[in-house]
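Inspection log for the structure reproduced underneath, given as structure tokens.
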Amino acid sequence: MLWVVLDTSSPTAVVAVVDPDVVDDAAVFAAVTLAETRRHAEALPAAVDDVLARADVDVGALAGIGVGTGPGSFIGVRTGLAYAKGLGRAVDRPVVGVPSLTAWALSPTEPVPLPRGRGLVVADARRGERYVATVTHADHGIVVHDDEHAVADATFDVLDSAGGCAFVLGGTAGLAIPGDVVVVERSGPSALGLVRALRRVDRTDARAALVPRYVRPPDAKLPAVDPARHRPPDPAEGPP
Amino acid sequence: MGSRGLILAVESSCDETAAAVVEPGAGGVVLSSIIHSQVAAHAPYGGVVPEIASREHLARIDAVVGDALADAGAAPADMGVVAATYGPGLVGALLVGLTYAKGFARGRGLPLVGVHHIEGHLHAALADPASPPSRNPGQPFIGLVVSGGHSALYRVDGIGRARLLGQTRDDAAGEAFDKSAKLLGLGYPGGVVIDRLAQRGDPAAIPMPRSLRDRTHYDFSFSGLKTAVRTFVEEQRRRGVDVQGQLLADLCASVQEAIVDALLHKAMLACRRQQVPVLVLGGGVAANSRLRAEAARRGAEQGVEVYLPPRALCTDNAVMIAMAARAWRAQGRSSPPALVAAPDAPVEASSAALS
């Protein structure tokens, strides 16, 4: 059964038609990556058209929609989720949230073989911070430990945080990483990473529980924006 | 051939998540209208916080659309058009509704119509169930859109052909109500409270400034009102008088009268100058009872047909977006899937959102 999977939470977005029930080599029918970092919302509809056409599948024949829930750019996370929810409502199919950093971690790393042991998945959270997930590469595959992820200072100590670290995967620019730690630079999940992550979540209708992983609270410091005028309140206006 | 060709519209430009289903025939029949207000989510911050608005829209949009479909007794397969506000508004908030609409449209292979928020307000009066389609305003008409964020006069020659004639140079009319109410300790939103208190007040009791009365332009100015209210309250305090009871009612009536008079003075001037004897109101302040009554009275007196949206369609809603989309579809227009949210979109450029 074919699914559309998409993740627009990261700098490199991905849209694909996949079959989560078949082996890895045959799971991805068509995939598009969107490298432009700030234009995902604009490019997403054409990318969906493209993968559906190349996989030769009608949107009404889809079994479901899998969507990356972040963490990542707030707007990027919402773009994917809003599109997926609208599509799912229209075709009456389940929309399933996929943790984005899990999909990053499960994306193939060839040609770099991933060593066994503890590792980190890191993604840019802007404002001098990073989203971090800790994982273990075990004999039976990759285990993602903190599903909810965390925010860390951008220059956090890699070795301290992982309790021993064999590899770092993701947006690693600016991190001080010891020479014996394997580094896999990555700016988003691959289509195969999304399929693998999709296999790990309940694929029955989970629309109500489709929750974005913002990780950080909204900026809600005063002064706020005036309801419709979109400008700060008049500071000259005091109490009577 | 299952589709009933209905219009599904969503609106998410500020702090209301709204969806509606409209039957496009017979002048547009409203089958459902759901509005989820975020007021409670923003209240602790004293105003709309953009990131909270965006998160709330995403959390609510699918349920709001689901409710709109259920209320209309319609399935997704009954839709023929999907419409969404593309601007102006908060960019992150707009993005949620617009992108949801794109996904829905793709799922059913439907045309997408990106609607300008102001053109939505200008079309709200067309959705009056009490008014038969034959009573709909002809074109051109003069549009007066008044809310907490807008106070502007337009000449409208059709969808995509609205031209700004004049607007407020400082506060919007709704802001003038809200700020006056705040000065009087009446809470938020102030327009509703002032409207109620003014019912038993004398609108001529307390002189209030009428700015920009000259007939050389169609602009408004309301910032002098809050100063006048503050000065009046301070003056009474000095004399040991509390502004309450009848005095408060008189003050509310006087402030309201000044706002209503300024708006209608320029609106009627525009109708005369443009030789367009049709006036259409829209926006949250169009729910004000004095503005509604006075617009009707002056219209009758000056030979101007006046159209008022039902009160429920004055504040932000998706019915008005559906009505504007209906007008675009009558011209066979639709928007490209790459349409982007435009936080500052001018109304004159609304047709650029469609091809």
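Read-outs: derived from the displayed coordinates by stated rules, not from any lab. All values reported here derive from a predicted model rather than from experimental measurement. Neighbour counts are summed over all protein chains in view; Cβ atoms, including those assigned to glycine, are modelled from backbone coordinates with ideal geometry.
What the table below lists for this structure:
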| read-out | value |
| --- | --- |
| Net charge of Cβ neighbours under 12 Å - reference A:R199; Lys, Arg +1; Asp, Glu -1 | -1 |
| Spatial separation of Cα centroids for segment B:145-170 and segment B:1-64, in angstrom | 23 Å |
| If the convex hull is drawn through the Cα atoms of segment B:313-355, its volume per residue in Å³ | 95 Å³ |
| Fraction of antiparallel bridges per DSSP, chain B only, in percent to nearest 5 | 60 percent |
| Per-residue HN-Hα couplings for segment B:187-197 [Karplus 6.51, -1.76, 1.60; θ = phi - 60°; Hz; x = Gly/Pro] | x, 10, x, x, x, 5, 5, 4, 3, 5, 5 |
| More than 32 Å apart - percent of Cα-Cα pairs taken over the protein assembly as shown | 52 percent |
| GNM result for chain A, Cα springs below 10 Å: residue of A:P20, A:P11, A:P218 fluctuating most strongly | A:P218 |
| Using θ = phi - 60° and Karplus 6.51 cos²θ - 1.76 cosθ + 1.60, couplings along segment B:163-172 (whole Hz; Gly, Pro as x) | 10, 5, 9, x, 7, 5, 8, 9, 6, 6 |
| Relative contact order (%) - criterion: Cα under 8 Å, at least six apart; region: segment A:108-185 | 32 percent |
| Local electrostatic count at B:V156 - Lys and Arg +1, Asp and Glu -1, tallied over other residues with Cβ under 10 Å | +1 |
| Amide proton proximity set for B:S335, modelled H, under 5 Å, gap of 5+ | B:L112, B:V113, B:G114, B:S355 |
| Beta bridges by DSSP in segment A:97-199, antiparallel share as percent, to the nearest 5 | 65 percent |
| In order through segment A:165-171: 3J(HN,Hα) via Karplus (6.51 cos²θ - 1.76 cosθ + 1.60), integer Hz, x for Gly, Pro | 9, 9, 8, 10, 10, x, x |
| Fraction of antiparallel bridges per DSSP, segment B:64-183 only, in percent to nearest 5 | 70 percent |
| Net charge dipole size for chain B [Lys, Arg +1 and Asp, Glu -1 on Cβ; Debye, nearest 20] | 600 debye |
| Percentage relative contact order, chain B, counting C-alpha pairs under 8 Å, at least six apart | 24 percent |
| Label-point gap, in nm, between A:D24 and A:A150 - each point 7 angstrom along Cα→Cβ | 2.9 nm |
| B:L247 versus A:R126: modelled label distance in nm, points set 7 Å from Cα along the beta carbon direction | 5.1 nm |
| Net charge contributed by nearby residues that have their C-beta within less than 15 Å of B:L313 (K/R +1, D/E -1) | -2 |
| Amide H partners (placed H, <5 Å) of A:A166, local residues excluded | A:R118, A:G119 |
| FRET efficiency for B:A293 and B:R161, using Cβ-Cβ distance with R0 set to 25 Å, rounded to 0.05 | 0.25 |
| Top of B:G158, B:G185, B:G201 by mean-square fluctuation, Gaussian network on chain B, Cα under 10 Å | B:G185 |
| Gain on full stretching of the segment that runs from B:A338 to B:A75 - 0.36 nm per residue minus C-alpha separation | 92.1 nm |
| Computed label-point distance, nm, for sites B:A205 and B:R169 using a 7 Å Cα→Cβ extension | 3.1 nm |
